[in-house]
Amino acid sequence: MIVNANSNTNRTEILEKEYLKLIRLGVNPENILVLVQNSLKKRKFVDCIKKNSPAGNIGNLKIYSFYGLIYNYILENWAIIENSIKDDRAKIIPNLSGLEISQYIFKECIKEVDFSGYNSKTSLLHQLFRRISLINLNDLSNAEVENRSAILGESFSLQAYEAINKYKKKTIDYRAFDYIRQINLFQFLYKKLENNFQYVFLDDGDEITPALLAYLEYIKPTVKEFYIGYDLLGSSRLGYLGAINIDFEKLLNEKAIKVEKNNQKTINAQKILENVKNDKPIELENISIKTFLKRDEMVENLIQDIKKLINEGIKAKDIAIITPNSDEFLKNTLLKSGFDFNFLTKNEKLNQNKLIGYLLELLKIINDTNNLDISPYILKGIFIELLKFEKVKTIQLIQEYKLERDFKNINLFDFIKDKADFKILFELYQKIRFEKLSVQLYEMIDTFALISRDIKNDIIKINQLLKQITDFEEVLPEVSNSDLIIQLENTIISENPLSDDEIDENSIVVSSAQKIIDYSYKTKYQFLLDVTNENWLKQDIGPLYNAWVMQKKWSKNSFELEDNIEFTKDRTARLLYKLYLLGDNITLYSSVYDSLGIENFSGIDKYFKSNVIIENKISKPIIPRPDQQAVLNYKGGLMSVSATAGSGKTTIMLLLVDKLLSGEIIKGIEPKNIFVLTFMESAARNFKERIKIRFPNLTELPNISTIHGLALRIIKENNNYSKLGLDYDFEIVDEIKRANILAEITSKFSVSSDKVDLYDKAISTYKNEIALYTDYITDNRLFLNVYQGYQEKLKEENLIDYDDLLLFSLKLLRENKDILEYYQNLAQIIIEDEAQDSSFVQQSLIKLLSGKYKNVIRCGDINQAITSTFTNSDVRGFREFIKNSTNVVMDRCQRCATGVLDCANATVRIANKNQIEAFSSLVMKPVENINIVDKNAVTINIFDEEKEENNSIISDIQEILKNDKQATIAILLRNNFQINKWDKLLNQSLIKTYKNSDNLINNPLYRIVLLILEFIINPYDIKLTKEIASELYEMGYYKYDTLQYANKLDKPIFLADNFDEPLYWDLPYFLFKNHYCMYDLVSEIGNIYFSNSPEKINIALIAAMVQKIRNQTKTFEDTVIKLRQIQYKTNFSNIKFFTHDNNQEKNSKVQIMTLHKSKGDEFDYVFIPELTKENLCFTPFDYKLKESSKFNQRVRRDKKTDEELKLEIIEENYRLIYVGITRAKKKLYLSSAQNYKYYSKMKKYEPSEILGELL
Amino acid sequence: MIDTFSANSLKVLEKNLDEFIDKYVYHLSVFKKDNRTILGQQYHALICQYLKGYDISKMKLELNNTNFFDEFIKTIKPDNFIKTEYPFLIKDELNSKPYYLTGRYDAVYKDEGYIIYDWKTLNIPKNIQDDLQTIVYLYSASKIFNTQFVKIRYVAIEKLEYKDVEFKNIAYYKERIDKIISRYYDIV
């Protein structure tokens, strides 16, 4: 019997009834094999049989998942296998272990195979696991694997073959087989044994693997009847889960019974399937779409929706949240809402669980004979959380221990042995120190009575840990306790198909789509999250595995990008089809950015259309000026827009995108065909936000990103990374890691440590050079050695750096015609902002991407090119482009007062007069009736003493603020280090300031997190406590009384006893609450003090950053120290905080920033002080070149002379002052003094030449 | 709600309802596999493979001392053993509410009646007459084999000893089982 029916029918019920019929006819259940998808479905089938059986003997039911069948088969017939192994060892019971032991064994095998030259060593294990999994699930012979290796042109297939063979051999030696490896044993066994199953039931037949199919085909001649339930349109597990589409009618030579519920749901589901396959978006009544910019907004909205439903009486079991990104941020935010959630298990590290983390740490301490470098923070957690020691006593003990350890090198257990309150730990240590790990752990759990209903969710994890330790001890008894702990800490617990998730009816399920389908989990409300994220489309390809080509049915001789796209689409169609059948009302949620602020792309949003029309809130149309109108007259082709400062370039670009989206310029263009490239991430975010407001109904926004964002997409999308030899989880190296790698490599080549920074910059320069001149190799041998060592290390660790991001995307486009065509077809138009700052690589990318449609608009202002001295920007490219395209000039500046405009134009004239080619010939003109007419808008002062300059500026600011409280004022400086001086000066005069720098410490969230982390490790530091109180007072979180209370503190806050003071509750709360995972701790700190957007998402960014640093440092304490060390970094790990549009922090404050930072901004009043020749030099002869500039030249192909370099810098200085000048709307103040304090003495300085010339 | 009980879970339930809930509802038990447990599992597996007719001479090498095992194995012959490692599932009811008994017989021997074998590594438990394992096994075997000619044989492998308990009174067995289950059913 074959039943072709979807999950919206009673298909399983039909099979169950047939089963019961057979039983009633007297068939022994032992002769009926029932194969279901997983353990949960097995339980349901068994329950049904139990329920419908008469009283008495039900019998020996043979109801299994495929892996359950295999497992039992091997155990029942193990003797056959053992007797066939020709060695002198023996095992009575094989270890049918989890993947963790296999990981250990496989790692050992990889070491024995020469994979030199293979890119990412860290992912090698993962690659090989995927490979063997695909081979086994697809039942591929060696010849079939070889054939596929040839199709894919794999470079390391021989090594992979060798490693897998060694692994197979070793698993036999150890008699340890995970569920994938067990498939091989099963295949060996069933061919040797008689089949006892006269009847075979198979449900979810569309999801089975070729390995199972082979078994069914093998026993087919001896089976009286098959009962197959399947969905012809199903097979959502195609790809790396190994499902195969089977024509059961042909296989069994029997017509299928078609059970069809012709209701709307089935019809709609089929429509979804068809539409996705044909790339057509679908609009359905029961599907709505909600789009957000940031992920926190999305999750908050979801929680509100859930609240509403629950208030309406909807039960938790009727709601499912479905996302491929069930990360810490989502978990923390959902759990805070107060509802119960059931996160269906995912692969995770065991020590992500707090209890397990502390248990492992304690085991580590017990098994480390020295244990002198224990983290006090961890010790505190163990004592309070695990051993339930009294909190204050614990803090005091740890403080004493820290002091004694520093002086006497005393061992922890020697230290506590005479301390009555902690003796129990010493006694336990004495009892178990020489035991094996499993015994130690068991005794710990027992002694401290850890098992209770309070931790019922953790018991599964504890048992997983115990089981894993026991498995290791059985299979690998030679591994020492300490080594085993390291292994356990690094092991990712994989999902075991033999254990299933418990689904609690009172919780809302949070799960992946596949799991919802696997469990046929039907709900009234499905919330699909992160629909714009590419993780909805599973990663099926890596350098050593390709789930599509390794399919049993693969018959083509090549594998193209198009194949990958088609297969992925097919699988996605099936997945969405099946998912839809399980939900009544479906809401799709998307956010433009993920939890880390990285743009989402390539999700499933493109397949759906919203049926809800959101009203456009923009009422006032923007009327362009005539010089702007020329941009909007664009009809296609190459266009350059030379736009002076203040000419309204951003607005006009926005209007241009508006026009494009309305289809007026290019017919039929879709948002996905529009690419906008900005220089800064903040500009991209801002642009997106504006588009979102203007087009609230757009589910898919145009591609608006920085060049790095676009490059990342090119590398990630459609598994393109595999062509670079990268695994899907490659990461971008962060600053700490990069510095560590460089330090390691440079020291290997005896480069002195003070030169490391030079290499850091030169590597970036060199990468740009080799992109420009593909066959160029530097003749600087030492540099080349360091460079190669650095690259090698990155490869080994599956890392890339920011320059690679661009280089690799360029390489992919240059070397793969199909990838190039894919993006060329997409990119119907490319708009580039800040084109004067575009690098050669960026320009090459634009050229390649626009190769088909050749519609490119590049906007910029050569006069504002100020990044070439510290980036690889190449203004020449833009100059060339202007020559070869239709050039539109927007020379009207409506921002600056006329006097300021004159000053800016004068700067251009001065440069020309001095024969410095810094500027274009563009002369800024005012807009009639808009610009303030003020010929005296500019004040230039040269003071004698620094103090005079300071006082003059302060009094000017005070005067401005007296007359105009809403005025925006900025102090623009040449260098970052000047910011603090001016901040201090203004604050002393009670003028509020806002330091507009990207320094981490400038972010209040970062400051608070860091201070509280420091407090946790230094609870006795009263000064620190006072600092925290002061910071929180400044933020408005505490009242003045609390600040006063803190200032009067004479003992550590946790020993104080003023219950009325919030400080008394806040800080000890963090001190006593132990988070093993720093992500959770930082999240909690952030969430207590910050509750609005965008801080909520910024908390997630900081938490992720801290956790990343934690993973790279030895202890919690080291992490905190590191966080303090990097406080002045402007950008760590490319974390880009979200900012308020109308940042409250900036309001009525004087903003202090560098000239560079001010670009793109405008202020009523601008001060540019300290304009000395040393700070801003305009004469090449007088300029002293920095060592880094010279060093960079040594790695270039066409090396510039010192004179040429100096000239370039002088050109840029002209443009820099030009940028500063053009920030001022009403008044501009340029100044310098002739004497500044240099350390403690006064030193003479020459004012910058420009002041004299402008005067 | 739990509706399926084993001899072990009934033992816990009889002793303490809270402990039963902890262990079987909340699964608050800790995985423990000591050397004794491992040895017991090995004996069971070896005997099972032997009774299935497989050659166990190689597998046996894993045991440190095979002498007594060889002695023991001589006492059993595969021929009349009809089942080994045999799971059972029985349906019954209490006040019209169904419940199920489950377990796994180590081996079943058939002559005129049926002998349920239960291998013990070291000692045969005391009071086996009244042991819940005895009761559940005999009660379920009488249902499975449809006869009252059943007995349970506890075999101490290392000591080469055994003790039998004959099937006695089905009503008593049911009453005892029902009484224990009602402790839990009454509260759910």
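Summary table
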{"read-out": "Options B:Tyr105, B:Tyr184, B:Tyr117; residue that is within 16 Å of B:Ile47 (Cα to Cα), more than 14 Å from every other protein chain (Cβ to nearest Cβ) and at pLDDT 95 or above", "value": "B:Tyr117"}
{"read-out": "Positions within segment A:64-119 being within 14 Å of chain B (Cβ to nearest Cβ) and among the small types (Gly, Ala, Ser), in sequence order", "value": "A:Gly68, A:Ala79, A:Ser84, A:Ala90, A:Ser97, A:Gly98"}
{"read-out": "Among (1) basic (Lys, Arg); (2) surrounded by fewer than 16 Cβ atoms within 10 Å (Cβ to Cβ); (3) in a helix (DSSP H, G or I) - the single one A:Lys41 does not satisfy", "value": "(2)"}
{"read-out": "Residue list for segment A:441-479, restricted to those being more than 13 Å from chain B (Cβ to nearest Cβ) and open to solvent by less than 50 Å² (accessible area, probe 1.4 Å)", "value": "A:Leu476, A:Val479"}
{"read-out": "Positions within segment B:2-43 being more than 9 Å from every other protein chain (Cβ to nearest Cβ), in contact with a strand residue (DSSP E or B) (Cβ under 7 Å, 6 or more places away or on another chain) and not small (Gly, Ala, Ser), in sequence order", "value": "B:Phe5"}
{"read-out": "Number of the condition not met by B:Asp70 [criteria: (1) within 9 Å of chain A (Cβ to nearest Cβ); (2) free of Cβ contacts under 8 Å to residues at least 12 places away in the same chain; (3) open to solvent by 20 Å² or more (accessible area, probe 1.4 Å)]", "value": "(1)"}
{"read-out": "Filter result for the condition that a residue is free of Cβ contacts under 8 Å to residues at least 40 places away in the same chain, within 11 Å of another protein chain (Cβ to nearest Cβ) and not in a strand (DSSP E or B), over B:Lys60, B:Lys83, B:Lys126", "value": "B:Lys60"}
{"read-out": "Sole exception among (1) open to solvent by less than 10 Å² (accessible area, probe 1.4 Å); (2) in a loop (DSSP other than H, G, I, E, B) for A:Ile714, by number", "value": "(2)"}
{"read-out": "Subset tally (residues that are in a loop (DSSP other than H, G, I, E, B) and out of contact with any helix residue (DSSP H, G or I) (no Cβ under 6 Å at 6 or more places or on another chain)) for segment A:975-990", "value": "4"}
{"read-out": "Filter result for the condition that a residue is surrounded by fewer than 17 Cβ atoms within 10 Å (Cβ to Cβ), within 20 Å of A:Tyr1236 (Cα to Cα) and acidic (Asp, Glu), over A:Glu949, A:Glu945", "value": "A:Glu945"}
{"read-out": "Segment A:91-145 - residue that is polar (S, T, N, Q), more than 22 Å from A:Gly68 (Cα to Cα) and open to solvent by 20 Å² or more (accessible area, probe 1.4 Å) and, of those, nearest to the chain's Cα centre (by Cα)", "value": "A:Thr122"}
{"read-out": "Identity of the residue in segment A:735-753, open to solvent by 50 Å² or more (accessible area, probe 1.4 Å) and among the hydroxyl-bearing types (Ser, Thr, Tyr), that ends up farthest from A:Gln1125 (Cα to Cα)", "value": "A:Ser750"}
{"read-out": "From A:Lys250, A:Lys255, A:Lys265, A:Lys224, residue being closer than 30 Å to A:Ala79 by Cβ and either open to solvent by 20 Å² or more (accessible area, probe 1.4 Å) or hydrophobic (A, V, I, L, M, F, W, C) (or both)", "value": "A:Lys224"}
{"read-out": "Selected residue (only one of A:Glu112, A:Glu100, A:Glu108, A:Glu82 is among the acidic types (Asp, Glu), at pLDDT 95 or above and more than 30 Å from A:Leu20 (Cβ to Cβ))", "value": "A:Glu82"}
{"read-out": "Checking A:Lys294 against (1) touching a helix residue (DSSP H, G or I) at 6+ places or on another chain (Cβ under 6 Å); (2) at pLDDT below 90; (3) surrounded by fewer than 21 Cβ atoms within 10 Å (Cβ to Cβ), the condition it does not meet", "value": "(3)"}
{"read-out": "Those residues of segment B:154-180 which are surrounded by 18 or more Cβ atoms within 10 Å (Cβ to Cβ) and more than 22 Å from B:Glu14 (Cβ to Cβ), in sequence order", "value": "B:Val155, B:Ile157"}
{"read-out": "Unique residue being of a type in the set (Val, Ile, Thr), in a loop (DSSP other than H, G, I, E, B) and open to solvent by less than 30 Å² (accessible area, probe 1.4 Å) when the list is A:Ile831, A:Ile866, A:Ile819", "value": "A:Ile866"}
{"read-out": "Test: residue in segment A:499-512 that is within 14 Å of another protein chain (Cβ to nearest Cβ), in contact with a Phe, Trp or Tyr (Cβ under 9 Å, 6 or more places away or on another chain) and either surrounded by 20 or more Cβ atoms within 10 Å (Cβ to Cβ) or within 30 Å of A:Ser288 (Cβ to Cβ) (or both)", "value": "yes"}
{"read-out": "Members of segment A:26-38 found to be within 14 Å of another protein chain (Cβ to nearest Cβ) and open to solvent by 20 Å² or more (accessible area, probe 1.4 Å), listed by number", "value": "A:Gly26, A:Asn28, A:Glu30"}
{"read-out": "Wholly within segment A:1144-1255, strands (runs of 3 or more DSSP E) carrying at least 1 residues that are open to solvent by 40 Å² or more (accessible area, probe 1.4 Å), more than 19 Å from A:Asp861 (Cβ to Cβ) and at pLDDT 90 or above", "value": "A:1224-1238, A:1241-1244"}
{"read-out": "Hey, A:Glu404 at pLDDT 90 or above and over 22 Å from A:Asn490 (Cβ atoms) or not", "value": "no"}
{"read-out": "Filtered residues of segment B:86-101 (kept if farther than 18 Å from A:Ile63 by Cβ and either within 9 Å of chain A (Cβ to nearest Cβ) or acidic (Asp, Glu) (or both))", "value": "B:Asp92, B:Glu93, B:Pro98"}
{"read-out": "So A:Glu700, is it under 17 Å from A:Leu826 (Cβ atoms) and either modelled with pLDDT under 90 or in a loop (DSSP other than H, G, I, E, B) (or both)", "value": "yes"}
{"read-out": "Segment A:730-758, residues that are in contact (Cβ under 8 Å) with a residue 40 or more places away in the chain, of a type outside the set (Val, Ile, Thr) and closer than 23 Å to A:Leu806 by Cα", "value": "A:Phe730, A:Glu731, A:Asp734, A:Glu735, A:Lys737, A:Arg738, A:Asn740, A:Leu742, A:Asp757, A:Leu758"}
{"read-out": "Every residue from segment A:159-185 that is more than 22 Å from A:Asp114 (Cβ to Cβ) and either free of Cβ contacts under 8 Å to residues at least 12 places away in the same chain or not polar (S, T, N, Q) (or both)", "value": "A:Ile172, A:Tyr174, A:Arg175, A:Ala176, A:Phe177, A:Asp178, A:Tyr179, A:Ile180, A:Arg181, A:Ile183, A:Leu185"}
{"read-out": "Filter result for B:Asp55 (out of contact with any Cys (no Cβ under 9 Å at 6 or more places or on another chain), within 13 Å of chain A (Cβ to nearest Cβ) and open to solvent by 40 Å² or more (accessible area, probe 1.4 Å))", "value": "yes"}
{"read-out": "Helices (runs of 4 or more DSSP H) completely within segment A:355-436 that count 1 or more residues being within 28 Å of A:Thr470 (Cα to Cα) and open to solvent by less than 20 Å² (accessible area, probe 1.4 Å)", "value": "A:376-381, A:412-416, A:423-432"}
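The values are calculated or read from the model by the stated rules, or taken from the named source; none is laboratory data. Everything numeric in this text was worked out from a predicted model, so none of it was measured. Neighbour counts run over all protein chains shown; Cβ positions are idealised from the backbone, glycine included. Keep in mind that these areas ignore ligands, DNA and RNA; they rest on the heavy atoms of the full protein, side chains included. Shrake-Rupley method; radii C 1.70, N 1.55, O 1.52, S 1.80 Å.
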